[in-house]
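Working notes, structure below.
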Amino acid sequence: MNIEYLKLFVRIASTKNISKAGSELGLSPAVSSSHINKLEDGLGVKLLHRTTRKISLTEEGLVFLPHAEEAVAAINAARASVGVGSITPQGTLRVTAPASFGRMHIIPALSGFKEAYPELKIDLRLSDGIIDMVEGGFDVAIRNAALNDSSLVARKLSDDKRVICASPEYLRKYGEPLTPDELMNHQCINLIGIDVWHFETPQGRQNIKAPGSFRVDNGEAIRDLCVHGEGITISSNWCAYKQLQSGELVEILKDFPLTTDTAIWAVYPSSRLLAMKVRTFIDYLLTHYGPSPYWEQ
(Lines give C-alpha, C1' and ligand atoms only; values in the text may rest on other atoms or scores of the structure.)
Protein backbone atom coordinates (compact mmCIF):
# COMPACT_ATOMS: atom_id res chain seq x y z
CA MET A 1 0.00 0.00 0.00
CA ASN A 2 1.44 3.34 -1.06
CA ILE A 3 2.32 5.45 1.98
CA GLU A 4 1.83 8.66 -0.02
CA TYR A 5 -1.78 7.67 -0.64
CA LEU A 6 -2.23 7.16 3.09
CA LYS A 7 -0.68 10.53 3.92
CA LEU A 8 -3.06 12.20 1.51
CA PHE A 9 -6.08 10.37 2.93
CA VAL A 10 -5.15 11.41 6.49
CA ARG A 11 -4.84 15.04 5.44
CA ILE A 12 -8.17 14.90 3.57
CA ALA A 13 -9.83 13.52 6.71
CA SER A 14 -8.48 16.54 8.59
CA THR A 15 -9.13 19.28 6.02
CA LYS A 16 -12.30 17.85 4.44
CA ASN A 17 -10.92 19.17 1.15
CA ILE A 18 -9.05 17.14 -1.49
CA SER A 19 -7.45 20.13 -3.21
CA LYS A 20 -6.26 21.69 0.05
CA ALA A 21 -4.89 18.40 1.36
CA GLY A 22 -3.11 17.76 -1.94
CA SER A 23 -1.67 21.27 -2.00
CA GLU A 24 -0.18 20.73 1.47
CA LEU A 25 1.61 17.69 0.08
CA GLY A 26 2.65 19.36 -3.18
CA LEU A 27 0.06 17.60 -5.33
CA SER A 28 -2.30 19.04 -7.94
CA PRO A 29 -6.07 18.46 -7.53
CA ALA A 30 -6.04 16.00 -10.42
CA VAL A 31 -3.17 13.95 -8.98
CA SER A 32 -4.78 14.04 -5.51
CA SER A 33 -8.06 12.66 -6.87
CA SER A 34 -6.14 10.00 -8.78
CA HIS A 35 -4.26 8.92 -5.66
CA ILE A 36 -7.46 8.58 -3.65
CA ASN A 37 -9.12 6.63 -6.44
CA LYS A 38 -6.17 4.22 -6.52
CA LEU A 39 -6.28 3.82 -2.72
CA GLU A 40 -10.00 3.03 -2.83
CA ASP A 41 -9.55 0.65 -5.76
CA GLY A 42 -6.78 -1.17 -3.91
CA LEU A 43 -8.92 -1.56 -0.80
CA GLY A 44 -12.09 -2.33 -2.71
CA VAL A 45 -14.15 0.16 -0.68
CA LYS A 46 -15.16 3.81 -0.88
CA LEU A 47 -13.42 5.90 1.75
CA LEU A 48 -14.93 9.29 0.92
CA HIS A 49 -18.32 10.74 0.16
CA ARG A 50 -17.61 13.35 -2.51
CA THR A 51 -20.03 16.03 -3.66
CA THR A 52 -19.47 19.39 -5.33
CA ARG A 53 -19.86 21.07 -1.94
CA LYS A 54 -18.16 18.90 0.64
CA ILE A 55 -16.08 15.85 1.49
CA SER A 56 -16.89 13.42 4.31
CA LEU A 57 -15.67 10.00 5.35
CA THR A 58 -17.74 6.93 4.66
CA GLU A 59 -18.29 4.39 7.42
CA GLU A 60 -15.38 2.40 5.97
CA GLY A 61 -13.29 5.57 5.85
CA LEU A 62 -13.93 6.24 9.54
CA VAL A 63 -12.85 2.70 10.42
CA PHE A 64 -9.78 2.90 8.18
CA LEU A 65 -8.60 6.34 9.37
CA PRO A 66 -6.92 5.37 12.68
CA HIS A 67 -5.04 2.56 10.92
CA ALA A 68 -3.88 4.96 8.22
CA GLU A 69 -2.75 7.45 10.88
CA GLU A 70 -0.77 4.75 12.69
CA ALA A 71 0.85 3.58 9.45
CA VAL A 72 1.93 7.14 8.62
CA ALA A 73 3.19 7.65 12.18
CA ALA A 74 5.14 4.38 12.05
CA ILE A 75 6.83 5.36 8.78
CA ASN A 76 7.70 8.79 10.17
CA ALA A 77 9.09 7.20 13.32
CA ALA A 78 11.18 4.77 11.27
CA ARG A 79 12.59 7.65 9.21
CA ALA A 80 13.34 9.67 12.33
CA SER A 81 15.12 6.71 13.94
CA VAL A 82 17.80 6.87 11.27
CA GLY A 83 17.99 10.66 11.27
CA VAL A 84 15.69 11.39 8.34
CA GLY A 85 13.38 14.32 9.01
CA SER A 86 11.83 15.20 12.34
CA ILE A 87 8.97 13.55 14.16
CA THR A 88 6.22 15.18 16.19
CA PRO A 89 2.95 13.61 17.30
CA GLN A 90 0.23 14.11 14.70
CA GLY A 91 -3.24 12.86 13.91
CA THR A 92 -6.08 12.26 16.35
CA LEU A 93 -5.53 10.91 19.87
CA ARG A 94 -8.61 9.06 21.12
CA VAL A 95 -8.78 8.97 24.91
CA THR A 96 -11.34 7.57 27.34
CA ALA A 97 -11.29 8.39 31.05
CA PRO A 98 -13.54 8.11 34.13
CA ALA A 99 -15.96 11.03 34.25
CA SER A 100 -14.87 12.57 37.55
CA PHE A 101 -11.12 12.04 37.15
CA GLY A 102 -11.35 13.27 33.57
CA ARG A 103 -13.09 16.50 34.49
CA MET A 104 -10.88 17.20 37.49
CA HIS A 105 -7.44 16.07 36.32
CA ILE A 106 -7.34 15.26 32.58
CA ILE A 107 -9.08 18.32 31.14
CA PRO A 108 -6.90 20.80 33.12
CA ALA A 109 -3.80 18.96 31.87
CA LEU A 110 -4.86 19.15 28.22
CA SER A 111 -4.18 22.87 27.87
CA GLY A 112 -0.44 22.47 28.33
CA PHE A 113 -0.39 19.25 26.31
CA LYS A 114 -2.17 20.86 23.35
CA GLU A 115 0.13 23.88 23.53
CA ALA A 116 3.15 21.57 23.37
CA TYR A 117 1.73 19.46 20.52
CA PRO A 118 -0.55 21.72 18.45
CA GLU A 119 -0.72 19.32 15.50
CA LEU A 120 -2.52 16.70 17.58
CA LYS A 121 -6.30 16.52 17.71
CA ILE A 122 -7.88 15.03 20.81
CA ASP A 123 -11.11 13.05 21.06
CA LEU A 124 -11.98 12.61 24.75
CA ARG A 125 -14.79 10.43 26.06
CA LEU A 126 -15.66 10.65 29.75
CA SER A 127 -17.53 7.65 31.13
CA ASP A 128 -17.63 5.78 34.42
CA GLY A 129 -18.23 2.53 32.55
CA ILE A 130 -15.37 0.32 31.40
CA ILE A 131 -15.06 0.98 27.67
CA ASP A 132 -13.86 -1.68 25.25
CA MET A 133 -10.84 0.12 23.83
CA VAL A 134 -10.45 -1.97 20.71
CA GLU A 135 -14.12 -1.93 19.79
CA GLY A 136 -14.35 1.79 20.55
CA GLY A 137 -11.21 2.62 18.59
CA PHE A 138 -9.47 4.31 21.53
CA ASP A 139 -5.71 4.81 21.66
CA VAL A 140 -5.43 5.06 25.44
CA ALA A 141 -7.69 4.75 28.47
CA ILE A 142 -7.22 6.26 31.92
CA ARG A 143 -8.57 3.93 34.58
CA ASN A 144 -8.74 4.07 38.35
CA ALA A 145 -9.31 0.43 39.18
CA ALA A 146 -7.66 -2.91 39.61
CA LEU A 147 -6.56 -4.18 36.20
CA ASN A 148 -7.82 -7.54 34.99
CA ASP A 149 -7.50 -7.44 31.19
CA SER A 150 -4.20 -9.09 30.25
CA SER A 151 -4.58 -7.97 26.62
CA LEU A 152 -3.81 -4.40 27.67
CA VAL A 153 -0.47 -2.80 28.51
CA ALA A 154 -0.53 -0.47 31.51
CA ARG A 155 1.62 2.30 32.96
CA LYS A 156 0.89 3.47 36.47
CA LEU A 157 0.27 7.21 36.73
CA SER A 158 -0.39 7.39 40.48
CA ASP A 159 -1.57 5.52 43.54
CA ASP A 160 -5.30 5.81 44.21
CA LYS A 161 -5.41 6.32 47.97
CA ARG A 162 -8.93 6.13 49.35
CA VAL A 163 -10.13 7.37 52.73
CA ILE A 164 -13.26 7.30 54.86
CA CYS A 165 -14.64 10.78 55.37
CA ALA A 166 -17.60 12.74 56.68
CA SER A 167 -18.59 16.36 57.10
CA PRO A 168 -18.08 18.15 60.45
CA GLU A 169 -21.84 18.77 60.45
CA TYR A 170 -22.59 15.05 60.23
CA LEU A 171 -20.09 14.20 62.96
CA ARG A 172 -21.52 16.85 65.30
CA LYS A 173 -25.00 15.50 64.75
CA TYR A 174 -24.38 11.75 64.85
CA GLY A 175 -20.94 11.31 66.44
CA GLU A 176 -17.76 9.87 64.99
CA PRO A 177 -17.38 6.10 64.54
CA LEU A 178 -14.15 4.90 66.15
CA THR A 179 -14.05 1.39 64.67
CA PRO A 180 -15.31 -0.14 61.42
CA ASP A 181 -18.02 -2.01 63.37
CA GLU A 182 -19.55 1.30 64.47
CA LEU A 183 -20.32 2.15 60.84
CA MET A 184 -23.32 -0.17 61.20
CA ASN A 185 -24.96 2.57 63.30
CA HIS A 186 -24.43 5.27 60.67
CA GLN A 187 -25.66 6.37 57.26
CA CYS A 188 -23.11 5.40 54.59
CA ILE A 189 -23.05 6.64 51.00
CA ASN A 190 -22.04 3.89 48.61
CA LEU A 191 -20.54 4.06 45.16
CA ILE A 192 -22.50 1.61 43.04
CA GLY A 193 -20.41 -1.53 42.80
CA ILE A 194 -18.63 -0.92 46.13
CA ASP A 195 -21.13 -1.90 48.82
CA VAL A 196 -18.57 -3.73 50.98
CA TRP A 197 -15.74 -1.72 52.57
CA HIS A 198 -12.52 -3.57 53.35
CA PHE A 199 -10.39 -2.49 56.33
CA GLU A 200 -7.04 -3.50 57.76
CA THR A 201 -7.34 -4.05 61.51
CA PRO A 202 -5.01 -5.49 64.18
CA GLN A 203 -7.02 -8.71 63.87
CA GLY A 204 -6.66 -8.81 60.08
CA ARG A 205 -8.90 -7.80 57.22
CA GLN A 206 -12.45 -6.81 58.15
CA ASN A 207 -15.28 -6.46 55.65
CA ILE A 208 -18.19 -4.14 56.40
CA LYS A 209 -21.35 -4.09 54.30
CA ALA A 210 -21.95 -0.37 54.66
CA PRO A 211 -25.61 0.51 55.38
CA GLY A 212 -27.20 3.62 53.96
CA SER A 213 -29.92 5.27 51.90
CA PHE A 214 -27.74 6.47 48.99
CA ARG A 215 -26.11 4.48 46.19
CA VAL A 216 -24.61 6.72 43.50
CA ASP A 217 -22.62 6.02 40.32
CA ASN A 218 -20.40 9.12 40.37
CA GLY A 219 -17.53 9.98 42.73
CA GLU A 220 -18.05 13.75 42.67
CA ALA A 221 -21.75 13.31 43.49
CA ILE A 222 -20.91 11.06 46.46
CA ARG A 223 -18.35 13.57 47.70
CA ASP A 224 -20.89 16.40 47.46
CA LEU A 225 -23.55 14.39 49.31
CA CYS A 226 -20.98 13.81 52.03
CA VAL A 227 -20.13 17.53 52.18
CA HIS A 228 -23.84 18.27 52.67
CA GLY A 229 -23.98 16.01 55.71
CA GLU A 230 -25.86 13.09 54.19
CA GLY A 231 -23.53 10.41 55.52
CA ILE A 232 -20.10 8.79 55.62
CA THR A 233 -18.39 7.66 52.45
CA ILE A 234 -15.26 6.36 50.77
CA SER A 235 -13.53 8.89 48.54
CA SER A 236 -10.32 8.93 46.58
CA ASN A 237 -7.88 11.66 47.58
CA TRP A 238 -7.83 12.94 44.00
CA CYS A 239 -11.60 13.54 44.25
CA ALA A 240 -11.91 15.01 47.76
CA TYR A 241 -8.52 16.64 48.37
CA LYS A 242 -9.84 20.21 48.16
CA GLN A 243 -12.68 19.49 50.57
CA LEU A 244 -10.30 17.74 52.97
CA GLN A 245 -7.89 20.68 52.83
CA SER A 246 -10.67 23.24 53.41
CA GLY A 247 -12.23 21.30 56.27
CA GLU A 248 -15.52 20.65 54.47
CA LEU A 249 -14.69 16.97 54.93
CA VAL A 250 -12.80 15.20 57.70
CA GLU A 251 -10.94 11.90 57.37
CA ILE A 252 -12.06 9.37 59.98
CA LEU A 253 -11.05 5.84 60.98
CA LYS A 254 -7.42 6.67 60.26
CA ASP A 255 -6.25 3.72 62.37
CA PHE A 256 -8.12 1.33 60.07
CA PRO A 257 -6.85 1.96 56.53
CA LEU A 258 -8.83 0.70 53.59
CA THR A 259 -7.40 -2.22 51.65
CA THR A 260 -7.48 -1.76 47.89
CA ASP A 261 -5.39 -2.73 44.89
CA THR A 262 -6.62 0.15 42.75
CA ALA A 263 -4.37 2.75 41.15
CA ILE A 264 -4.60 5.26 38.33
CA TRP A 265 -3.39 3.70 35.11
CA ALA A 266 -2.87 4.63 31.50
CA VAL A 267 -3.67 1.53 29.45
CA TYR A 268 -3.46 0.83 25.75
CA PRO A 269 -3.88 -2.22 23.51
CA SER A 270 -0.86 -4.48 23.36
CA SER A 271 1.19 -3.95 20.24
CA ARG A 272 4.82 -4.13 19.23
CA LEU A 273 4.92 -0.47 18.26
CA LEU A 274 3.53 2.13 20.65
CA ALA A 275 2.28 5.10 18.64
CA MET A 276 4.22 8.31 19.21
CA LYS A 277 1.04 10.20 20.13
CA VAL A 278 0.20 7.67 22.86
CA ARG A 279 3.73 7.59 24.28
CA THR A 280 3.88 11.39 24.29
CA PHE A 281 0.51 11.70 26.05
CA ILE A 282 1.39 9.20 28.78
CA ASP A 283 4.81 10.75 29.34
CA TYR A 284 3.19 14.17 29.60
CA LEU A 285 0.72 12.99 32.25
CA LEU A 286 3.52 11.36 34.24
CA THR A 287 5.45 14.63 34.22
CA HIS A 288 2.36 16.73 34.92
CA TYR A 289 1.31 14.70 37.96
CA GLY A 290 4.81 13.87 39.13
CA PRO A 291 5.84 11.15 41.61
CA SER A 292 3.75 12.85 44.33
CA PRO A 293 0.63 14.30 42.65
CA TYR A 294 -0.76 17.62 43.84
CA TRP A 295 -3.86 15.92 45.26
CA GLU A 296 -1.62 13.98 47.68
CA GLN A 297 0.20 17.05 49.00
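The values are calculated or read from the model by the stated rules, or taken from the named source; none is laboratory data. From a predicted model like this one, the values you see are computed outputs, not experimental measurements. Cβ sites come from the backbone with ideal geometry, for glycine too, and all protein chains shown count toward neighbours.
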The conditions are (1) over 24 Å from ALA275 (Cα atoms); (2) under 34 Å from the mean Cα position of the chain (by Cα); (3) surrounded by fewer than 20 Cβ atoms within 10 Å (Cβ to Cβ); (4) not hydroxyl-bearing (Ser, Thr, Tyr), and ILE36 fails exactly one of them. Which is it?
(3)
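Restricting to region 39-60, give me the number of residues that are small (Gly, Ala, Ser) and surrounded by 12 or more Cβ atoms within 10 Å (Cβ to Cβ). Reasoning before the result, please.
Within region 39-60, the first condition is being small (Gly, Ala, Ser), and the residues that meet it are 42, 44, 56.
If we keep only those that are surrounded by 12 or more Cβ atoms within 10 Å (Cβ to Cβ) as well, we get 56.
The qualifying residues number 1.
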Return the residue satisfying two criteria in turn: it lies in region 98-109 and is of a type in the set (A, V, I, L, M) and modelled with pLDDT of 95 or more, and of such residues it is surrounded by the fewest Cβ atoms within 10 Å (Cβ to Cβ).
ILE107
Among the candidates ALA146, ALA166, which residue alone is within 23 Å of TRP197 (Cβ to Cβ), exposed (fewer than 12 other Cβ atoms within 10 Å of the Cβ) and among the aliphatic types (A, V, I, L, M)?
ALA146
Quick one: GLY290 ticks every box in (1) surrounded by fewer than 16 Cβ atoms within 10 Å (Cβ to Cβ); (2) outside the structural domain of ILE122 (by TED's automatic domain parsing); (3) under 26 Å from VAL95 (Cβ atoms) bar one, so which box is it?
(2)
Exactly one of (1) in contact with a helix residue (DSSP H, G or I) (Cβ under 7 Å, 6 or more places away or on another chain); (2) assigned by TED's automatic domain parsing to the domain that holds PHE113 is unmet by ARG279. Its number?
(1)
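Hey, can you tell me all the residues within region 181-193 that are over 26 Å from ALA99 (Cβ atoms) and either buried (at least 16 other Cβ atoms within 10 Å of the Cβ) or of a type in the set (A, V, I, L, M) (or both)?
Of all residues in region 181-193, those over 26 Å from ALA99 (Cβ atoms) come to 181-186.
LEU183, MET184, HIS186 - these are the residues of region 181-193 that are over 26 Å from ALA99 (Cβ atoms) and either buried (at least 16 other Cβ atoms within 10 Å of the Cβ) or of a type in the set (A, V, I, L, M) (or both).
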Within region 194-228, of all residues that are in a loop (DSSP other than H, G, I, E, B) and touching a residue at least 12 places away in the same chain (Cβ under 8 Å), the one surrounded by the most Cβ atoms within 10 Å (Cβ to Cβ) is ALA210
Among the residues of region 171-180, write down those that are of a type outside the set (Asp, Glu) and surrounded by 13 or more Cβ atoms within 10 Å (Cβ to Cβ).
LEU171, TYR174, PRO177, THR179, PRO180
Can you spot a residue in region 216-223 that is within 30 Å of GLU115 (Cβ to Cβ), outside the structural domain of ALA99 (by TED's automatic domain parsing) and of a type in the set (Asp, Glu)?
yes
Go through region 237-287 residue by residue and tally those that are crowded, with 17+ Cβ neighbours inside 10 Å, assigned to a helix (DSSP H, G or I) and among the acidic types (Asp, Glu).
0
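Out of the residues in region 112-129 meeting the condition of being touching a residue at least 12 places away in the same chain (Cβ under 8 Å) and in a helix (DSSP H, G or I), tell me which one is farthest from the chain's Cα centre (by Cα).
Looking at residues that are touching a residue at least 12 places away in the same chain (Cβ under 8 Å) and in a helix (DSSP H, G or I), I get ALA116.
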Could you say whether any residue in region 127-141 is in contact with a strand residue (DSSP E or B) (Cβ under 6 Å, 6 or more places away or on another chain), closer than 24 Å to TYR241 by Cβ and β-branched (Val, Ile, Thr)?
no
May I ask you to list the residues in region 149-163 that are buried (at least 21 other Cβ atoms within 10 Å of the Cβ) and in a loop (DSSP other than H, G, I, E, B)?
ASP160
If I ask for residues that are surrounded by fewer than 21 Cβ atoms within 10 Å (Cβ to Cβ) and not basic (Lys, Arg), which ones from region 19-31 would you list?
SER19, SER23, GLU24, LEU25, GLY26, LEU27, SER28, PRO29, ALA30, VAL31
